[in-house]
Amino acid sequence: MSPLSDTAALPSAPLATVPSVGRAPEAIEPVGGRVLTVVGVSGSPTAPSKTSVLVGEVVSSFAGSLGGRGSVIELAPLLSELAAGAHRHELGENARQALDAVEAADVIVAGSPAYRATYTGLFKLFFDHIGQYALVDKPVVLTATGGSDRHALLVEHQMRPLFGFFQALTLPLGIFATSEDLAGYELRSADVRDRIDVSVRRTLPLILSHLGVGSGGLRQDFGRPDAF
């Protein structure tokens, strides 16, 4: 089973393209004729995973709006390979490929369930093997899941500082969902879906500008503070 999975068939499908949704891809000018890539990382140690569902939804939204290709890397199947050694060259082939995919992505969607008030050890182990300067200025969307809203600050207090170390461009609006929002391993919350839409709408111009992509006249809409 490949750890790279199609967001439409989580958690165990092979690498596949996320169907374009939302904003028409023809409004986006390719960078040097290549397709932009959005890569999600789910730090859940279990499968099936509600975190993987959330990450997949966010990847699909961003990839569709960018007219790009999306994939999700689930870390649960990679646990033994990530623990095979202290250095990257000692890891299993699938783990090394996953690390390469994240470092080569145009946009990263990082997600973890809340474990003991922070992200999982598996999530941290994976990013311990990412190159120190591989994510400099790379757009990163932060997502997390938890049993209740009491864990929502995981995004701001734990995940954002981690990617600050990498000097990544963390997007300002994090996305958190509870177990109830993802009941039955489906995103059932209209509020969370709205938050994903707001995140895409607010940050798409920033991502396009950063990646050197023509915006095609896209307009950035700003909502009231209570809408976020």
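Name the residues in region 167-198 that are of a type in the set (A, V, I, L, M, F, W, C) and either in contact with a helix residue (DSSP H, G or I) (Cβ under 6 Å, 6 or more places away or on another chain) or surrounded by 20 or more Cβ atoms within 10 Å (Cβ to Cβ) (or both), would you?
168, 171, 173, 175, 176, 177, 182, 187, 192, 196, listed by residue number.
What are the pairs with Cβ atoms under 7 angstrom where one residue, in region 53-67, is within 15 Å of residue 41 (Cα to Cα) and the other, located anywhere, is of a type in the set (S, T, N, Q) and part of a helix (DSSP H, G or I)? Sequence gap at least six, or different chains.
Filtered contacts from region 53-67: 56/7; 59/7; 60/7.
Could you tell me which residue of region 48-70 is surrounded by the most Cβ atoms within 10 Å (Cβ to Cβ), considering only residues that are more than 10 Å from the chain's Cα centre (by Cα) and over 18 Å from residue 146 (Cβ atoms)?
Across region 48-70, the extreme among qualifying residues is 63.
Go over the candidates 105, 63 one by one and state the one that is within 18 Å of residue 126 (Cβ to Cβ), modelled with pLDDT of 90 or more and not β-branched (Val, Ile, Thr).
105
Would you please list the contacts, defined by Cβ atoms under 6 Å and residues six or more apart or on different chains, that run from a residue in region 162-181 that is closer than 11 Å to residue 192 by Cα to a residue that is among the charged types (D, E, K, R)?
The qualifying pairs are 175/195.
For a quick check of your reading of the model, give me the residue pairs whose first member lies in region 26-42 and is more than 30 Å from residue 121 (Cβ to Cβ) and in a loop (DSSP other than H, G, I, E, B), whose second is among the β-branched types (Val, Ile, Thr) and at pLDDT below 75, with beta-carbon atoms closer than 6 Å and at least 6 apart or on different chains.
Partner pairs satisfying both residue conditions: 28/213; 29/213.
Kindly check whether there is at least one residue in region 86-107 that is touching a His at 6+ places or on another chain (Cβ under 6 Å), in a loop (DSSP other than H, G, I, E, B) and at negative phi.
Scanning region 86-107 turns up no residue that is touching a His at 6+ places or on another chain (Cβ under 6 Å), in a loop (DSSP other than H, G, I, E, B) and at negative phi.
The values are calculated or read from the model by the stated rules, or taken from the named source; none is laboratory data. These numbers were taken from a predicted model, which means no experiment stands behind them. Cβ coordinates were reconstructed from backbone atoms using ideal geometry, including for glycine residues, and neighbour counts include every protein chain displayed.
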